[in-house]
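The values are calculated or read from the model by the stated rules, or taken from the named source; none is laboratory data. Quick caveat: nothing in here was measured; it's all calculated off a predicted structure. Because the Cβ atoms are built from the backbone with ideal geometry, glycine has one as well, and the counts that use them run over all protein chains shown. Note: areas computed on protein heavy atoms with side chains; ligands, DNA, RNA excluded. Shrake-Rupley method; radii C 1.70, N 1.55, O 1.52, S 1.80 Å.
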Amino acid sequence: GTLTEPGRNSPHRDRSPQESLDLLRQMRAGAFPDGARVLPAKIDMASGNINLRDPVLYRILRAHHPRTGDTWCIYPTYDFAHGQSDAIEGITHSLCTLEFADHRPLYDWFLDNLPVPARPRQYEFSRLGLTHMLLSKRKLMGLVQDGHVSGWDDPRMPTLSGLRRRGVPPVAIRDFIAQLAISKSEGLVELAMLEHYIRDVLNKTAPRRLAVLKPLKIVITNYPEDETEELEAVNNPQDESAGTRSLPFSREIYVERDDFMEDPPRKFFRLSPGREVRLRFAYFIACQEVIRDDAGEVIELRATYDPQTRGGNSPDGRKVKGTIHWVSAAHAIPAEIRLYDRLFRDTEPSGEDLGQALNPDALVTLTGCRLDPGLAHAETGHTVQFERTGYFCADPDSRPDALVFNRTIGLRDAWAKMQAKPGR
């Protein structure tokens, strides 16, 4: 039938219960090939709800089951098993998404006509939809099977295992879900809202460390060559109980390549020739010379430091506008950094070929990064804030001699935001 016309009865609809039971036993014994027979319910072929027009209860399917192996070759349909499973498990409220609303009369019919131990109720609400993301298991499976992601636990995937590997704290997900309104109308929630809760939790809990993702070496020419000193660094300014740690400082350091511009524009307050900046937890330095390779690429800077500014403060009260992070070249730990971003470019990815909608920058891998020596023994899943960069966690691929960190989420970058403005 159709939505406006009743269905036609099967020619086998009036079989006797004894004959039907015998055929079901043969189905169970494997006497028929897959798809040859089904066991339907006998309800109402003229019902306005197509789900009540003699729906299938059991079908033949020779598939390996994760619990029972190959014991069974017939399996119940979801509609048939749904209400019975809820009743057996003591479910009182079965909360479903809106597409199950048309299935509720069948859910209730089975409960009313079968010897179940309880009477659960089904309620439907709109599903959670997030921008730049898909939550359909079928579509996510396609991404896995087609090799667009490395697996179900790929940090780009919106799965629990993927979020865990990316370093998203469970409490951030719970806080995000708790503030959402439950409704019966479809809608999308901005992914930025979830990101806000992730940042909010990690800002309070994640210890701070220094990390240089794109290293540029600086030689501090007036610092003693064979000397190393220990500076005091704050572990988390949001948590006084986190205390402090020692940070080695030496003549040669690495800074971020993006923190240096030879010919800086207005409002660029980082490092440039002749300009003084503050090294986080350390000293004021001023760039004096730029060293290039044969191709003209900047490979090293020469700078001087002011020994009176230890800790980042000047006794004469002079001010500097820029503060940059760094690591000691002699003590820094090499690492691979995986920069994860939103999986899809479009706000609402759609279509069967989702590979075309993927964000090509959803994963950028950086090698040759240099990390704070305090990260030498980072445990898998341990989330820290790389100061001025973002939140990162140690990946299961890490080894003591080859650390790997995943970016959980970035920090807001005022300069990058300014550069993105039209006309910049």
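You can think of it this way: the chain between Asp226 and Asp397 has 58.0 nm of extra reach, that is 0.36 nm per residue less the Cα-Cα gap. Couplings 3J(HN,Hα) of the stretch 311-320, computed from phi: x, x, 10, 9, x, 8, x, 6, 10, 10 Hz, in residue order, whole Hz [Karplus 6.51 cos²θ - 1.76 cosθ + 1.60, θ = phi - 60°; x for Gly and Pro]. In this structure the amide hydrogen of Val189, modeled in the peptide plane, comes within under 5 Å of the amide hydrogens of Gly129, Leu130, Thr131, none closer than 5 places in sequence on its chain.
Bridge orientation summary for the chain: considering DSSP beta bridges with both residues in this region, about 70 percent are antiparallel. Shape class for the stretch 315-404, computed from the alpha carbon gyration tensor (a ≥ b ≥ c): oblate, with a/c not under 1.5 and a/b at or below b/c. Between Ile173 and Glu240, the FRET efficiency estimated from the beta carbon spacing at R0 = 30 angstrom works out to 0.65. Rounded to whole numbers, the Karplus 3J(HN,Hα) couplings from phi for the stretch 383-400 are 9, 9, 9, 7, 4, 6, 10, x, 9, 9, 9, 5, 8, x, 6, 5, 10, x Hz, using 6.51 cos²θ - 1.76 cosθ + 1.60 with θ = phi - 60°, and x at Gly and Pro.
Across all Cα atoms of the stretch 1-138, the radius of gyration (one decimal) and Dmax (whole number) stand at 17.2, 55 Å. Residues in the stretch 85-95 carry Karplus couplings, in order, of 4, 4, 5, 5, 7, x, 6, 9, 10, 8, 8 Hz; the curve used is 6.51 cos²θ - 1.76 cosθ + 1.60 with θ = phi - 60°, and Gly or Pro positions show x.
What the Cα atoms of the chain give is an Rg and a Dmax of 31.0, 102 Å. In terms of the mean number of neighbouring beta-carbon atoms within 10 Å, the peptides 83-93, 243-253 order highest first as 243-253, 83-93.
Each Cα pair under 8 Å and six or more residues apart adds its sequence gap; the mean of these over the residue count of the stretch 11-98 is a relative contact order of 21 percent. Dipole check for the chain: with +1 at the C-beta of Lys and Arg, -1 at the C-beta of Asp and Glu, and the Cα centre as origin, the magnitude is about 760 Debye.
Each 5 Å bin from 0 upward holds the following percent of the Cα-Cα pairs of the stretch 354-395: 5, 15, 22, 25, 11, 10, 8, 3, 0.
Kirkwood radius for the stretch 28-94, taken over all pairs of different Cα atoms as the inverse mean of 1/r, rounds to 13.7 Å.
Using a 1.4 Å probe on the protein chains only, how many percent of the accessible area of the chain belongs to carbon and sulfur? Here carbon and sulfur together make up 50 percent of the probe-accessible area.
If Lys and Arg each add +1 and Asp and Glu each add -1, what is the summed charge of the other residues whose beta carbon sits under 13 Å from the beta carbon of Phe284? So the environment of Phe284 carries a net charge of +4. In this structure, the amide hydrogen of Leu231, modeled 1.01 Å from its nitrogen in the peptide plane, lies closer than 5 angstrom to those of Leu247, Phe249, counting only residues at least 5 positions away or on a different chain. Using the 1.4 Å probe convention, the accessible area of the chain works out to 56 Å² per residue with neighbouring protein chains retained.
A simple charge model with +1 on the Cβ of Lys and Arg, -1 on the Cβ of Asp and Glu and nothing else charged puts the dipole of the stretch 64-140 at about 320 debye relative to its Cα centre.
In this label model, Ser183 and Ala31 are separated by 5.5 nm, measuring between points 7 Å along each Cα→Cβ vector.
Extension gain, Ala101 to Ala81, is 5.6 nm, computed as 0.36 nm per intervening residue step minus the present C-alpha separation.
Of the cross-linked pairs Lys137/Lys184; Lys42/Lys139; Lys42/Lys184; Lys214/Lys267; Lys204/Lys267, those separated by over 24 Å at the C-alpha level are Lys42/Lys139; Lys42/Lys184; Lys204/Lys267. Rounded to the nearest 10 degrees, the inclination of helix 17-28 to the longest alpha-carbon principal axis of the chain is 40 degrees.
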